[in-house]
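The values are calculated or read from the model by the stated rules, or taken from the named source; none is laboratory data. This is a predicted model, so every value here is computed, not measured. Quick reminder, even Gly has a Cβ in these numbers, built from the backbone with ideal geometry, and neighbours come from all protein chains shown.
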Amino acid sequence: MIRKISILFAGALMGATAMTVVSGQNSGVANAADSDTYRQLEIFGDVFERVRAQYVEKPDDQKLVETAINGMLTSLDPHSSYMNAKEAADMRTETRGQFGGLGIEVTMQDDLVKVVSPFEGTPADKAGVLAGDLIAQINGEDVRGLTLTDAVEKMKGDIGTSVELTIIRDGATKPIRLNITRDEIKVPSVRHSVENDVGYIKLLKFNEQTTRGMEEAIADIKQKVGEDKLKGFVLDLRRNPGGLLDEAVSVSDAFLQNGEIVSTRGRNPEETRRYNARSGDDIGGKPLVVLVNGGSASASEIVAGALQDQRRATVVGSRSFGKGSVQTIIPLGANGALRLTTALYYTPSGRSIQGRGIDPDIAVEQPLPDEIKKQMGLDDDDQVARGESSLRGHITGVDENKEGSGSLDYVPPEKKDDLQLQYALALLRGEKTNAAFPPKSESSAAN
């Protein structure tokens, strides 16, 4: 018997967002509450006071209020939430893609912070921090016992201030102490490489740096390969949880000459907005393959859906996450911000992605290696699925699949083992053929 297991990662869920940001505290006028609503609010006030007065331990009033607000919002859908002042500031930092820090990508290993890689030219890189280093202390405080988030927060800070790291390094006979001065760090949202005669562009997220980073990647690839020799591009959106709606629109626009990119439809018909492409294709009409999997969500699905519907690219991989809602960030002054689902988005052909996802033009599965299955305690017949349709309380999409959205989001660390990428490269080089590549225009499809 095949069991289907839904695995949700908090980081991916929180990142799976197409966001718009509004300024000012009063972005709209709420309908006046009726008398019954006011009676319900009186009940809330009564419960709040009884908890404050009679709970076995004295509760934190601010925490009570924040939890109550979040309870209201999370009952609506998994993506609406309240952010206190610190969380709102962190969100703004994430969407800007820059902050004061050291410039290292880190993970957790054996209760210590492990350096995945220092970003080139950053304070950490210049100070000699190496991939594989284990950070044991930050400013003399042991890392053991801290969460990864706590440790990262301690390494961030104002530009010009310093932090001392105690590092354990393979081959070193004793811990290494480095005093590093923080500087402005721009978190790369784009990585690229040249695969012989094909340009490979990986979008990690959609923040304010993404379109600019992608344009720089395209220019660098053209220079290294030469436009005459360049067979085409792979745009990798796998495991990209989303981000800013405007960036998704501008990334799509970079490959389109005209036509609709996406539309958003809110509660009222007059709130419908359409985003259209402007003239100009950054890759000059070169063939384009887009890679998606179960970790491609929201803004990623906007891009994949636009390029697929406009027949500009062939989508390869497995079904995407299926998050087709837009969250508006509404500032609440010093009290933080409200992340509220205000619209659903639709691809140019009018498809809703909510609870459905993007189905690839060419399905290529990337199976989990046996060692990872063993670590996760999975049997050979188990299927690992992630998707919007598996989230409790999600908004049911009008075209939601009975079998659910999402798919495996595994991407091998080595490109040679990456079946989806290798298939895309073979298509672009003419080593594989498929009726879906290159995509046929509407006129040729009608003929």
Filter result (among the small types (G, A, S) and either in contact with a Ser or Thr (Cβ under 9 Å, 6 or more places away or on another chain) or without any contact (Cβ under 8 Å) to a residue 40 or more places away in the chain (or both)) within segment 203-232: G213, A217, A219, G226
Residue match in segment 281-288 (condition: over 25 Å from the mean Cα position of the chain (by Cα) and either over 22 Å from E216 (Cβ atoms) or among the basic types (K, R) (or both)): yes
Total residues in segment 84-111, condition farther than 26 Å from Q137 by Cβ and either of a type in the set (V, I, T) or at pLDDT 90 or above (or both): 1
Out of T147, T181, sole residue that is in contact with a strand residue (DSSP E or B) (Cβ under 7 Å, 6 or more places away or on another chain) and among the hydroxyl-bearing types (S, T, Y): T181
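Can you spot a residue in segment 74-87 that is of a type in the set (G, A, S), touching a strand residue (DSSP E or B) at 6+ places or on another chain (Cβ under 7 Å) and under 26 Å from R182 (Cβ atoms)? If you could, list the steps in order and put the result at the bottom.
Step one: list which residues in segment 74-87 are of a type in the set (G, A, S), which gives 75, 80-81, 85.
Filter once more, keeping what is touching a strand residue (DSSP E or B) at 6+ places or on another chain (Cβ under 7 Å): 80-81.
Of the ones still in play, those that are also under 26 Å from R182 (Cβ atoms) are none.
No: segment 74-87 contains no residue that is of a type in the set (G, A, S), touching a strand residue (DSSP E or B) at 6+ places or on another chain (Cβ under 7 Å) and under 26 Å from R182 (Cβ atoms).
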Residue pairs meeting the criteria (Cβ under 7 Å; at least 6 apart or on separate chains; first more than 26 Å from G397 (Cβ to Cβ) and of a type in the set (V, I, T), in segment 69-91; second at pLDDT 90 or above and surrounded by 15 or more Cβ atoms within 10 Å (Cβ to Cβ)): I69/Y82
Residue within segment 239-251 that is in contact with a strand residue (DSSP E or B) (Cβ under 7 Å, 6 or more places away or on another chain), in a helix (DSSP H, G or I), buried (at least 24 other Cβ atoms within 10 Å of the Cβ) and among the acidic types (D, E) present: yes
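Residues that are in contact with a His (Cβ under 9 Å, 6 or more places away or on another chain), in the same structural domain as A299 (by TED's automatic domain parsing) and modelled with pLDDT of 90 or more, at least 1 per element: which strands (runs of 3 or more DSSP E) completely within segment 112-219 meet that? Show your work before the answer.
Numbers: elements: 112-118, 134-138, 162-168, 176-181, 183-186, 190-195, 198-203.
Here the list reads 198-203.
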Hits in segment 92-107 (condition: in contact (Cβ under 8 Å) with a residue 24 or more places away in the chain and either in a strand (DSSP E or B) or closer than 15 Å to E247 by Cβ (or both)): E94, T95, R96, G97, Q98, F99, G100, G101, I104, V106, T107
Qualifying position, being touching a helix residue (DSSP H, G or I) at 6+ places or on another chain (Cβ under 7 Å), over 22 Å from S298 (Cβ atoms) and of a type in the set (V, I, T), among V198, V225: V198
Which numbered condition Q383 misses (of (1) surrounded by 12 or more Cβ atoms within 10 Å (Cβ to Cβ); (2) at pLDDT 80 or above): (2)
Flag for V143 being surrounded by 12 or more Cβ atoms within 10 Å (Cβ to Cβ), touching a helix residue (DSSP H, G or I) at 6+ places or on another chain (Cβ under 9 Å) and not small (G, A, S): yes
Number of the condition not met by S80 [criteria: (1) hydroxyl-bearing (S, T, Y); (2) over 30 Å from L130 (Cα atoms); (3) more than 17 Å from the chain's Cα centre (by Cα)]: (3)
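Go through segment 349-366 residue by residue and tally those that are of a type in the set (A, V, I, L, M), free of Cβ contacts under 8 Å to residues at least 60 places away in the same chain and in a loop (DSSP other than H, G, I, E, B).
Here the count works out to 2.
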Scan of segment 274-296 for residues that are touching a residue at least 40 places away in the same chain (Cβ under 8 Å) and closer than 21 Å to S352 by Cα, ordered by number: V290, L291, V292, N293, G294, G295, S296
